[in-house]
1. Can you report the number of residues in segment 49-66 which are more than 13 Å from residue 26 (Cβ to Cβ) and in contact with a strand residue (DSSP E or B) (Cβ under 6 Å, 6 or more places away or on another chain)?
2. Would a scan of segment 555-572 turn up a residue that is at positive phi and either part of a loop (DSSP other than H, G, I, E, B) or touching a Ser or Thr at 6+ places or on another chain (Cβ under 8 Å) (or both)?
3. With respect to residue 239, determine if the residue is surrounded by fewer than 16 Cβ atoms within 10 Å (Cβ to Cβ) and more than 24 Å from the chain's Cα centre (by Cα).
4. Taking the residues in segment 505-518 that are surrounded by 14 or more Cβ atoms within 10 Å (Cβ to Cβ) and within 41 Å of the chain's Cα centre (by Cα) as candidates, determine which candidate is nearest to residue 575 (Cα to Cα).
5. Within segment 282-313, which residues are surrounded by 13 or more Cβ atoms within 10 Å (Cβ to Cβ) and over 16 Å from residue 332 (Cβ atoms)?
6. Of all residues in segment 551-572, count the ones that are in contact (Cβ under 8 Å) with a residue 40 or more places away in the chain, within 17 Å of residue 524 (Cα to Cα) and surrounded by fewer than 19 Cβ atoms within 10 Å (Cβ to Cβ).
7. How about segment 16-53: which of its residues are free of Cβ contacts under 8 Å to residues at least 60 places away in the same chain and part of a loop (DSSP other than H, G, I, E, B)?
Amino acid sequence: MDNYIVSARKYRPMTFDTVVGQSALTDTLKNSVKSGHLAHAYLFCGPRGVGKTTCARIFAKTINCMNPGPDGEACGECESCKAFNEQRSLNIHELDAASNNGIEEMKALIEQTRIPPQVGKYKVFIIDEVHMLSTAAFNAFLKTLEEPPHYVVFILATTEKHKLLPTILSRCQIYDFNRMNVNDIVRHLTGVAEKEGIQVEPAALNVIAEKADGGMRDALSIFDQVAAFCNGNITYEQTIKNLNVLDYEYYFHLVDYFLEGNIPKVMTTLNDILNKGFEASHFIGGLNSHLRNLMMSRDPQTLPLIEASDSVRQKFGEQAKKCKPQFLYAAIRRCTDCDINYKASQNKRLLVEITLIEIAQMATEDIPYSGRSPKRILKQLFKSAAGAEVAASTAATNQAAASSANGTAAVKSNVANQPAGRPAPAAVANPLTAKPVQEQATATVVSKPRMQGFSISQLSQTMNAVKGAPAANENAADGATLSAETSGADVAMSDQAVRPDDFIAAWRAFAAQLPREEATMATRLENIVPTAVDDYHYEVMTENPLFFEQVKQLLPDILVFVRKKLHSDRVEIDVKQRLIEDRAALLTRSEQFAKMKEMNAAFKKLVEELNLDLV
């Protein structure tokens, strides 16, 4: 127990060749050592756990090596290398700027630079977390950093380069360390597992590498944690259990349910995930990443962008073949919107559930869809016995309506076959079929789809169909209001003057009977107040050119309706567009000055007497 060393320290690289994922930087440093072109100050910056301090120590050891190799590596056998390996070298000094950030500590460091090295060529000062130094310490350090003794080399390390003064940055050679990719971390962890004699599954190492977020130190720490939990046999199931990572199989199953339109399965899967203690925001982020990987899997050129094992990549490729690109784009956009609105939502679970329902319904649509807004209202989600009864009732009603229609057609046929001059027999209403006809017509109207926007052509077609409908269809829901007024039936006309209140009421009645699809047009018509020109002549004024054209096209239908409603065929309606006067053009200062003199004689006289002018 006393001899145990964590993997992050035990397997810390000792040479440039053993540094993982920073080959460009290590090659540059080795070439500098071989050529002898060394700077007096270096700045190593990058994320945590990517090898900044490790490379600083290796570099300090290598430049002091008495017998460096031809490849720029330290020999490891000379006195300087042995002293470094045994941590007793007097030529390498490390300072933690996070806890020694005052001016007094900086003055002590500057004093140490005056003492030349006893063994080796250079005295190396490694200052870790240099961005934590105070402003006074930075200012005291500037002169020494710019012109140190020839045997002094400074190596500064920081995770936040943007916090350093520009005067510090300009005095250093800057090396930016990158995050390590998943494959590099997996290869290194595989080697560590072999040395430690630990059995491990590749999928488990991928989970650890993704959890480390590009840092090798974090990856080794997580590896030690999982190894202790699994007792030397690391499996995928135990890894995700110990790290509380959501299994990617959930996402594969969810996408399959989306493609099937199986919303109940989607809801139960979400419930299982939440019951395991996962946050809904974490789930949505994972689903978004999964959909992104599916999109990348559709093309062999983008397949390497997926950071996963070969077996998982194969699963992504198989599932991506089932998904249409339009569905993936729309689903990613919906997940992104949900992620953005998650914090502001009062009912977070409901937000996630609605998002999943919309994604499932988009997967079953055949129409190409961009995903910017809901294409249509939500469909029926769950089937029930009540729904089956309603469907059966509707089918029976439609059958009765068809029988009634056949009977009506037969009556019309008999009327058409009557000899000329003989009066046609009156149509006899069938009390058994009259009610089903009305119910069937009402059901048809309720089930009509709503239009997404206003179309004057569709409105005109609807009104023409209403006007041309025969009197026998007076029970239809679309013509319920207009059946008496617009069907062409004889209505007693009156020569009495039309009162403005009656006309406005008829005008608004026309707007109210418009189909639900034309709600926007109906609202605009209701907001207009026609004005009386005389007893029968009314005028409608509008400023919107587009609305003016729409009303003009609709005017014949309005006129027919209003005349029948008011029982007067003398009513006339004019639609006019109010012209907006051209606004005054913008004047320059000189033109404004001249205009003021022209409009105001007193001002003009004052200007002339005092000889005033614009400056």
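The values are calculated or read from the model by the stated rules, or taken from the named source; none is laboratory data. None of these values were measured; they are calculated from a predicted model. Ideal geometry is used to build each Cβ from the backbone, glycine not excepted, and the neighbour counts take in all protein chains shown.
1. Residues flagged as more than 13 Å from residue 26 (Cβ to Cβ) and in contact with a strand residue (DSSP E or B) (Cβ under 6 Å, 6 or more places away or on another chain) within segment 49-66 amount to 2.
2. Scanning segment 555-572 turns up at least one residue that is at positive phi and either part of a loop (DSSP other than H, G, I, E, B) or touching a Ser or Thr at 6+ places or on another chain (Cβ under 8 Å) (or both).
3. Taking the combined requirement at face value, the residue does not satisfy it.
4. Among them, the one singled out is 511.
5. 282, 303, 307, 308, 309, 312, 313
6. The qualifying residues number 1.
7. Scanning segment 16-53 gives 19, 36, 37.
Each row is one residue, and each column tells you yes or no for (1) touching a helix residue (DSSP H, G or I) at 6+ places or on another chain (Cβ under 9 Å); (2) not in a helix (DSSP H, G or I).
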| residue | (1), (2) |
| --- | --- |
| 67 | yes, yes |
| 74 | yes, yes |
| 83 | no, no |
| 89 | yes, yes |
| 95 | yes, yes |
| 100 | yes, yes |
| 109 | yes, no |
| 144 | yes, no |
| 149 | no, yes |
